[in-house]
Amino acid sequence: MRVAIFGTGYVGLVTGTCLAEVGHQVTCVDIDQAKVDGLNHGIIPIYEPGLEPMVKENHAAFRLAFTVDAASAIGQCPVVFIAVGTPPDEDGSADLQYVLAVARTIGRHIQVPTVVVNKSTVPVGTADKVRAVIAAELSARGVDIAFDVVSNPEFLKEGDAVADCMRPDRIVVGSANADSVALMRRLYAPFNRNHDRVVEMDVRSAELTKYAANAMLATKISFMNEIANIAERVGADVEQVRQGIGSDPRIGWHFIYPGAGYGGSCFPKDVQALARTAQQAGLEPRLLNAVEAVNDAQKGHLFELIQRHYGSDGVRGRTIAVWGLAFKPNTDDMRAASSRRLLEQLWDAGACVRAYDPEAMDEARRIFGQRGDLVFCDSAGAALDGADALAVVTEWKPFRSPDFARLREALADAVVFDGRNLYDPAEIEAAGLAYYGIGRGR
Ligand code: UGA
C-alpha cells in the first residue's frame, strides 16, 4: 500500500520505517530540508536502537523515501498519516498548530479518496478540527474528494520504539466508517498475526485512550514515589514494599519503580494536557493535578538527599559526579529529564558537576553549553575523578554494578546518592560508602 507520513520525529520516523519494513511503499514528509537531506544519506536524527539499519535497508530497497515535497508525496496515496509534534502551549494544553498545518497541506493536495490517520497525541475533538480544515481546503479548491479522519494513537516507548512498533500489544483504530477501518486493518495486517490486536472504537474514545494510557502509567509512578516518601519517613524500604505488591497481577511489576521522577516528551506533557482538557470540560482533575505535583516535587528529591547529607550550605564548593542525563536509558532524549532539575539545583547551591551519559553528551552540550561549573566526561569512571560524591539519575545498564571499592577510592566524601535504587545499600555500605536511595530510610 502507498503511504505518506507527515513528520519525521520519533513517531513518524519509526512508524514509517516499520511500515516500509513489512512491504508498504512509504514516503516521509518533513518541512526541515536539512533533516530530509540527512535521512536520504542515512543520517538518523535520533538515537533509537535498531532504527538506523532498518532505515538504511528500506531506503536502499526504495520502500522508504524522505522528501519536503508534500504534493508529490500525497499524490495518489490512499493513506496519509499525521505524526507531527503537539508541544504544550503556555497553559499546558496541546498546541495543535503543526497538526492543523499538515491538515491544510493535505486538503490542498489530495487527489484521490483518502484516509487521514492521526497518530500525533492530540486532545479529544482534534479529528473533528482536522476534518473541518481539510473540508475547507477542498471547498476552496472547488473539488469534492471523499476523505475520512481516523484516530490511531501510538504507544511506542523511546528506546524500545522499533520493537514496540513491530510487535504492538494493541492497534487502536478510532473511526465510525467501516471502509476506513477495513483499510486500516489491511495496512496493519502484517503486524496483526496470531491474534487480533486491532481495537476498534469511536474517534473520541481513541483520542482519549492515548491520554488515559499515559496518565495511568504516570499515576503508578507518582503513587510509588509517594509511597517511597512515606517509607523514608517511617523507616521502611520501598524496594521491599515494591517486591511485596508487584506479584499481585492487579498491580503488576511494571511502572512501580520509584525514582527521581518521570520525564520525557510524553508523560509530563500528556498529564498536563489531559488535565487542561478536563478543566475545559468543567471538571477539576484532582488526581491528575496530584500526579503532576508529586512528580514535580520528586524531581527535586535527589537534591534534598544531597543537602540532607551535607547540611544546608554544605553543598557549596563540592564536586558531584552525575551518572545519567537522558530521561531514561537507551535514548539521548533529555526533554523534561530529572537530571536537568538536579544540575540546576546543584549549580544554584554552588556545586560543580562532572557529568556522563552513554548517549546524551551531545544533547547535554547543546542544552547547557560551556560553563565553568560543568565538566562533560568521556566515561563513568572519568566522571568520578576529582569528585566528592556520586549521584545516579538514569538507570543505564553500565551503571548497575560498579566496582564499589573503586567508588570508595575515587569519591573524596565517600557517598552515593542513588536516584534509581540500583544498588544494595548493605553492599555499598560494606564497601565503606554512605548510601542514600529513594524511599529506603537512608
Ligand atoms: C511513554 C509510554 O510508556 C509509551 O507507552 C507511550 O507511547 C509514550 O510515552 C508516548 O506517549 O509517546 P516514554 O516516554 O518513551 O514512553 O518512556 P517510559 O519508558 O514510559 O518512561 C517515562 C518516564 O517514567 C522515564 O523518565 C522513566 O524513568 C520513568 N519511570 C518509568 C519511572 O520513574 N518508574 C517506572 O517504574 C517506570
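The values are calculated or read from the model by the stated rules, or taken from the named source; none is laboratory data. In this text, all values refer to a predicted model and were calculated from it rather than measured experimentally. Here Cβ is always computed from backbone atoms with ideal geometry, including for glycine, and neighbour counts include all displayed protein chains.
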Is region 200-215 home to any residue that is touching a residue at least 12 places away in the same chain (Cβ under 8 Å), in a loop (DSSP other than H, G, I, E, B) and away from the ligand (no atom under 13 Å from the Cβ)? yes
Could you identify the single residue in 391, 426, 405, 383 that is touching a residue at least 24 places away in the same chain (Cβ under 8 Å) and surrounded by fewer than 21 Cβ atoms within 10 Å (Cβ to Cβ)? 405
Please identify the pairs in which a residue from region 144-170 that is assigned by TED's automatic domain parsing to the domain that holds residue 18 and closer than 18 Å to residue 211 by Cα has its Cβ atom under 7 Å from the Cβ atom of a residue that is polar (S, T, N, Q) and within 13 Å of the ligand (Cβ to nearest atom), counting only partners at least 6 apart or on another chain. 153/121; 153/209; 154/15; 158/331
Of the residues in region 36-56, those that are in contact with a strand residue (DSSP E or B) (Cβ under 8 Å, 6 or more places away or on another chain) and surrounded by 16 or more Cβ atoms within 10 Å (Cβ to Cβ) come to 36, 39, 55
Quick one: what pairs do we get from region 106-131, first residue outside the structural domain of residue 178 (by TED's automatic domain parsing) and among the aliphatic types (A, V, I, L, M), second assigned to a helix (DSSP H, G or I) and modelled with pLDDT of 95 or more, C-beta under 7 Å, 6+ apart or different chains? none
Can you tell me which residues in region 423-442 are within 16 Å of the ligand (Cβ to nearest atom) and basic (Lys, Arg)? 440
Taking the conditions exactly as written (within 18 Å of the chain's Cα centre (by Cα) and farther than 30 Å from residue 53 by Cα), does residue 168 satisfy them or not? no
Looking at region 44-60, which of its residues are out of contact with any helix residue (DSSP H, G or I) (no Cβ under 8 Å at 6 or more places or on another chain) and not in a helix (DSSP H, G or I)? 47
Among (1) more than 30 Å from residue 97 (Cβ to Cβ); (2) of a type outside the set (Asp, Glu); (3) under 19 Å from the mean Cα position of the chain (by Cα), where does residue 61 come up short? (3)
Inside region 75-98, can you point out the residues that are modelled with pLDDT of 95 or more and either in a helix (DSSP H, G or I) or touching a Phe, Trp or Tyr at 6+ places or on another chain (Cβ under 9 Å) (or both)? 80, 81, 82, 83, 84, 97, 98
The residue that is surrounded by the most Cβ atoms within 10 Å (Cβ to Cβ), considering only those in region 57-75 that are more than 19 Å from residue 105 (Cα to Cα) and of a type outside the set (Gly, Ala, Ser), is 64
Scan of region 352-376 for residues that are in contact (Cβ under 8 Å) with a residue 40 or more places away in the chain and in contact with a helix residue (DSSP H, G or I) (Cβ under 8 Å, 6 or more places away or on another chain), ordered by number: 358
Working only within region 175-193, note down all residues that are within 23 Å of residue 157 (Cα to Cα) and away from the ligand (no atom under 16 Å from the Cβ). 184, 185, 187, 188, 189, 190, 192, 193
Residue check, residue 219 under 20 Å from residue 420 (Cα atoms), in contact (Cβ under 8 Å) with a residue 24 or more places away in the chain and within 13 Å of the ligand (Cβ to nearest atom): yes
